[in-house]
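Read the figures in this text as sums done on the coordinates, not as results from a lab. Note that the structure is a prediction, hence the values are computed from the model and not measured. Methodologically, a virtual Cβ is constructed for each residue, glycine included, from the backbone with ideal geometry; neighbour enumeration extends over all protein chains shown.
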């Protein structure tokens with residue numbers, strides 16, 4: 001099984017002309033949902049995720065990419081999907097947006113910017129983090145926290161329910177995770193030293209290809 005990973009940086013606001021060009025590419029429902037964001041950072045990160053998907057489809061489906069993109073829908077849990085295939089998932093944090101795409105197998109991806117956290121805010125959801133902060137220096141414990149978080153969130157996004165299911169329902173065992181008696185396989189992606197990113201699949205990944213895409217200067 002092969003996964004394509006695309007990522008883009010979105011920390012600087014693009015020009016109004018590029019913004020308009022990108023929005024024009026979106027199906028009307030997706031465009032409306034993007035325009036509802038008040039903060040330009042949220043609006044741009046969400047838009048970049050869809051533009052990454054558009055580029056990925058154009059690369060891999062030369063004859064049917066536009067039809068596939070225009071058929072983009074939202075599940076009852078708010079997860080974007082394309083009827084049939086490919087399978088994909090999008091995540092963003094800080095100034096990075098990531099897209100994971102496979103041909104036929106469910107996939108989830110999560111990226112988080114590493115920052116200080118108060119463990120007391122998360123112990124109910126992630127009881128295992130207590131040992132991180134008891135046995136490691138704070139900086140290392142924070143890294144371990146985000147390793148744990150992104151692994152579990154990637155699995156839940158692959159399942160299709162995101163944080164509608166408690167993170168504690170995902171049981172980690174090394175690079176595997178179990179939820180509802182199903183096994184998922186988790187791999188770490190090295191996107192940026194200041195971030196933690198994991199991808200989760202129901203079938204073991206034989207290969208993944210990571211590509212950086214510059215969206216700041218237009219399509």
Original post:
Using 11 Å as the cut-off for backbone N distance, which residues of the range 46-89 belong to the label zone defined by a point 7 Å from the Cα of residue 1 along Cα→Cβ?
Top reply: none
Original post:
What is the spin-label model distance, in nm, from residue 219 to residue 104 if the labels are put 7 Å beyond Cα along the C-beta direction?
Top reply: 3.0 nm
**OP:** Would you kindly work out the equivalent ellipsoid of the range 123-219 from its C-alpha gyration tensor and give its semi-axes, the square roots of five times the eigenvalues, largest first in whole Å?
**Re:** 24, 19, 13
Subject >> Where labels lie 7 Å past Cα in the beta-carbon direction, separation of residue 115 and residue 18 in nm >> reply: 2.3 nm
Original post:
Would you list 208, 77 from fewest to most Cβ contacts within 10 Å?
Top reply: 77, 208
Original post:
Over the Cα atoms of the chain, how large are the radius of gyration and the largest Cα-Cα distance (Dmax), in Å?
Top reply: 17.4, 55
Subject >> Inter-label distance, nm, simple model (7 Å from Cα along the C-beta direction), residue 138/residue 76 >> reply: 4.5 nm
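Give me 184, 40 ranked fewest to most by other Cβ atoms within 10 Å of their Cβ, as a rough exposure proxy.
Fewest to most other Cβ atoms nearby, the residues stand as 40, 184.
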**OP:** Sort 12, 102, 150 so that the residue with the fewest other Cβ atoms within 10 Å of its own Cβ comes first and the one with the most comes last.
**Re:** 12, 102, 150
**OP:** Starting from the Cα of residue 37, step 7 Å toward the Cβ, then list every residue of the range 205-219 with an amide N under 19 Å from that point.
**Re:** 213-219
**OP:** Rounded to the nearest 0.05, what FRET efficiency do residue 122 and residue 85 give with R0 = 35 Å and r taken as the Cβ-Cβ distance? Could you check?
**Re:** 0.50
